[in-house]
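*Asks:* I have a structure here, written as structure tokens, and I will follow up with some questions on it.
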Amino acid sequence: MPFQEIDVEHRVRHLSILDPEGRVDKELEPDIPDEMLLKLHRMMLFSRRFDERLLSLQRQGRIGTFAPIKGQEASQLGAAAVLEDGDWLIPAFREMAAELWRGKTPENVLLVYGGFNEGGVTPEDVNIMPVAIPVGTHMLHAVGIGYGMRYDGKDRVAMTFFGDGATSEGDFHEAMNFAGVMNTPVVFVCQNNHWAISVPLRRQTRSKTLAQKAFAYGIPGIQVDGNDILAVYAAAKEAVDRARSGGGPTLIECITYRMAVHTTADDPTRYRKEEEVKEWEKKDPLIRFQRYLKAKKIWSEKEAEKLEKEIAEEIKQAVNRFEEKAKSYGDSLVMFDYVFEDLPPYIREQKEELRQELEEKKEA
Ligand SMILES: Cc1ncc(C[n+]2csc(CCOP(=O)(O)OP(=O)(O)O)c2C)c(N)n1
């Protein structure tokens, strides 16, 4: 019996607009006002410096474990920049730049990493879900939020971020399937940074791309250069506009790289080569964006000096506010109070360990 053929062939589009030298493809260049470009640059620089500060605060024992974003700023800001008031951001744990862009305060970022639940609470008009540490779970929350907004007749969009490792979780597939079937206004932004702690991308999937996984769920998928803020912006704009106008979900795969440690508890020299990191340093999203702005004659190194000073002062103030708030909240042991009525033995041990650590810190 001859087989019938069902045509499900798809090609994955890869979008790149700004090359590593900062040269732009004029035909594809999105129409972003200068003021917005400068605002994006300011936030990119702020988040790079804030990232460095968080790392040193962790090393000094002033905050806990933290997941740096260095190298992934363009993926986050390019996507979050197209959201509007009333839209939702549903982050994983490495989206500090997107969170700041959407209105989370730097001191709240610090509070989260300092172990205070209060850091996850945002004002009524700031639609950001708390950081989600369990890999992949929050994608389902994003679909629920999107579904709810559509059910209520609102033209709002939910955008969720996750890593390449998260695409191996069942939650990813359930979220994509439900979003496709129910036509929910969700934009899935996968930051393919090539590593899930020490697990390389090739151990995560046999597919050529992550973007193509969208096609199995009947939704559009696109791959973009995630270190090119213009490409991310253009792809996200198309996806968000489609979702807002009732066209349903999209998967965007941002090809990027985690330039720093997985978290402050990680030593990447044990599983990846320095040359690989060096190669990606040449594709740094911040330097590339600055080259573009310079060529457009709307930014110069001289202005950068002023900006660096302003940012350093803002970060200093934020750290002060964080430390004052942290003091007023008491210690972070309260985190153990609200999940179990009776703590299981292993959690009781962790609580005791933290209590001792906090005691030692007080004495030091
Ligand atoms: C369900 C679950 N399993 C394992 C972990 C431990 N863990 C934390 S981050 C991580 C890797 C995540 O990789 P990826 O999704 O690529 O995101 P990235 O950390 O690279 O941003 C793992 C396995 C976890 N937090 N949750």
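The values are calculated or read from the model by the stated rules, or taken from the named source; none is laboratory data. Fair warning: this is a prediction, and the values are worked out from it, not measured in the lab. No Cβ is skipped: glycine too gets one built from the backbone with ideal geometry, and neighbour counts run over all protein chains shown. All accessible areas refer to the heavy atoms of the entire protein, side chains included, with ligands and DNA or RNA removed. Shrake-Rupley method; radii C 1.70, N 1.55, O 1.52, S 1.80 Å.
*Asks:* Find, among the trypsin sites (Lys or Arg not before Pro) in the range 56-87, those assigned to loop by DSSP (not H, G, I, E, B) with at most 13 other beta-carbon atoms within 10 angstrom.
*Replies:* Values: sites: Arg59, Arg62, Lys70; in loops: Arg62, Lys70.
Qualifying residues, ordered by number: none.
*Asks:* With each pseudo-label sitting 7 Å past Cα toward Cβ, what's the Glu279-Glu35 distance in nm, one decimal?
*Replies:* Rounded to a tenth, the inter-label distance reads 4.3 nm.
*Asks:* While we're here: In the chain, carbon and sulfur make up what percent of the accessible area (probe 1.4 Å)?
*Replies:* With neighbouring chains kept in place, the figure for the chain is 51 percent.
*Asks:* Let me ask another. Report the antiparallel proportion of the DSSP beta bridges in the range 13-330 as a percent, rounded to a multiple of 5.
*Replies:* Given both bridge residues lie in the range 13-330, the antiparallel proportion sits at roughly 10 percent.
*Asks:* Could you please state, rounded to a whole Å, how far the C-alpha centre of the range 40-112 is from the C-alpha centre of the range 289-364?
*Replies:* Value for the Cα centre distance between the two parts: 11 Å.
*Asks:* Then there is this: Under a crude label model (7 Å from the Cα following the beta-carbon direction), how far is Gln60 from Lys309 in nanometres?
*Replies:* Modelled inter-label distance: 2.2 nm.
*Asks:* Still on this structure: How big, in percent, is the set of alpha carbon pairs in the range 1-120 lying more than 20 Å apart?
*Replies:* Percent of Cα pairs beyond 20 Å in the range 1-120: 55.
*Asks:* For Ile298 and Arg49, compute 0.36 nm times the residue count separating them, minus their Cα-Cα distance, and round to one decimal in nm.
*Replies:* That pair, Ile298 and Arg49, stretches by 87.5 nm at full extension.
*Asks:* Based on the alpha-carbon gyration tensor of the range 280-364 and its eigenvalue square roots a ≥ b ≥ c, which shape applies: rounded if a/c is under 1.5, prolate if not and a/b is larger than b/c, or oblate? Provide the component values of the computation, followed by the final result.
*Replies:* Details: a/c = 3.81, a/b = 2.46, b/c = 1.55.
Here the range 280-364 falls in the prolate category.
*Asks:* A follow-up question, please. Considering only Val199, Gly144, Gln317, whose Cα is most displaced toward the positive end of the charge dipole of the range 13-330, charges sitting on Cβ of Lys, Arg (+1) and Asp, Glu (-1)?
*Replies:* Val199
*Asks:* Show me the ranking of peptides 346-358, 36-48, 227-239 by mean Cβ neighbours inside 10 Å, starting with the highest.
*Replies:* 227-239, 36-48, 346-358
*Asks:* On to the next question. Based on DSSP H runs of at least 4 residues, each adding -39500 (n - 2.57), what is the mean residue ellipticity at 222 nm of the chain after dividing by all its residues, to the nearest 500 deg cm²/dmol?
*Replies:* So the calculated ellipticity at 222 nm is -14500 deg cm²/dmol.
*Asks:* For the range 1-61, what class follows from the C-alpha gyration tensor (a ≥ b ≥ c being the square roots of its eigenvalues): rounded when a/c is under 1.5, otherwise prolate if a/b is larger than b/c, else oblate?
*Replies:* Details: a/c = 4.08, a/b = 1.77, b/c = 2.31.
Note, shape of the range 1-61 comes out oblate.
*Asks:* Next question. With every protein chain present, what is the per residue accessible area of the chain (1.4 Å probe, Å²)?
*Replies:* Details: 18890 Å² over 364 residues.
On a per-residue basis, the chain sits at 52 Å².
*Asks:* Would you please classify the overall shape of the range 13-330 from the alpha carbon gyration tensor, given that a ≥ b ≥ c denote the square roots of the eigenvalues, rounded means a/c under 1.5, and beyond that prolate means a/b larger than b/c while oblate covers the rest?
*Replies:* Judged from the Cα gyration tensor, the range 13-330 comes out rounded (a/c under 1.5).
*Asks:* For the peptides 87-100, 204-217, what is the packing order when you average, over each peptide's residues, the other Cβ atoms within 10 Å and list the highest mean first?
*Replies:* 87-100, 204-217
*Asks:* Sticking with the crude label model, points 7 Å out along Cα→Cβ, report the distance from Ser198 to Glu5 in nm, one decimal please.
*Replies:* Between Ser198 and Glu5, the label points sit 4.7 nm apart.
*Asks:* To continue, here is another question. Could you pull out every residue, at least 5 positions away or on a different chain, whose amide H is within less than 5 Å of the one on Trp88? Hs are placed 1.01 Å off N in the peptide plane, and Pro or chain starts have none.
*Replies:* Val157, Ala158, Met159
*Asks:* Same structure again: Can you compute 3J(HN,Hα) from phi for each residue in the range 301-315, using the Karplus curve 6.51 cos²θ - 1.76 cosθ + 1.60 with θ = phi - 60°, rounded to whole Hz and x for Gly and Pro?
*Replies:* 4, 5, 5, 4, 4, 5, 4, 4, 5, 4, 5, 4, 5, 4, 5
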